[in-house]
Amino acid sequence: VLDVRNRSEFEAGHLPGALHIPVGYLAERLAEIPRDKPIVVQCQGGARSAIATSVLQKLGVRNATDLVGGFTAWASGGHPVEREPSTAGV
């Protein structure tokens with residue numbers, strides 16, 4: 001799973017094991033994205049992940065698909081969610 005949301009959204013909750021690369025950094029961090037297995041791209045509601053999936057495909061990543069409904073649909077469906085510990089004040 002590739003989470004393309006911003007840092008605060010990711011830290012507030014994300015799919016278990018998700019790789020976090022905000023949509024604006026996809027091209028410069030392309031080498032971090034696995035090519036040997038399917039990649040599910042997700043954002044909060046589905047708009048950014050649809051754009052990110054298109055960008056990845058144009059960059060040669062053929063194994064990327066969009067998670068329709070994004071994190072909101074995932075969490076609303078009762079699926080597991082991980083949260084990052086707060087680093088505020090550190």
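The values are calculated or read from the model by the stated rules, or taken from the named source; none is laboratory data. Everything quoted here is computed from the prediction, not taken from an experiment. With ideal geometry, Cβ positions are generated from the backbone for all residues, glycine too; neighbour counts draw on all protein chains shown. For the accessible areas, the whole protein counts, side chains as well, though only heavy atoms, and no ligand, DNA or RNA atoms are used. Shrake-Rupley method; radii C 1.70, N 1.55, O 1.52, S 1.80 Å.
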May I ask for the angle, rounded to the nearest 10°, between helix 47-58 and the longest principal axis of the chain, with both axes built from Cα atoms and the value confined to 0 to 90°?
30
What accessible area per residue comes out for the chain, rounded to a whole number of Å², with a 1.4 Å probe?
58
Per the 1.4 Å probe, what fraction of the accessible area of the chain, in percent, lies on carbon and sulfur atoms?
57
Per the rule of 0.36 nm per residue minus the C-alpha distance, extending K37 to R83 adds in nm 14.1 nm
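With both partners inside the chain, how many of the DSSP beta bridges are antiparallel, as a percent to the nearest 5?
Roughly 10 percent of the beta bridges in the chain run antiparallel, per DSSP.
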Using the Kirkwood radius built from alpha carbon pairs, what does the Stokes-Einstein equation give as D for the chain at 25 °C and 0.890 mPa s, in µm² per second?
186
For the chain, averaging the sequence separation of alpha carbon pairs under 8 Å that lie six or more residues apart and dividing by its residue count, the contact order in percent is 35
Out of residues 5 or more away from I39 or on other chains, whose amide H comes under 5 Å of its own, with H placed 1.01 Å from N in the peptide plane?
A64, T65
Multiply the residue gap between A12 and S54 by 0.36 nm, knock off their C-alpha separation, and tell me the result in nm, one decimal place.
12.6 nm
For every helix of n ≥ 4 consecutive DSSP H residues, a contribution of -39,500 (n - 2.57) applies; sum these over the chain, divide by its total residues, and give [θ] at 222 nm rounded to the nearest 500 deg cm²/dmol.
-7500 deg cm²/dmol
About the Cα centre of the stretch 11-69, what is the dipole size in debye to 20, counting +1 per Lys and Arg Cβ and -1 per Asp and Glu Cβ, all else neutral?
200
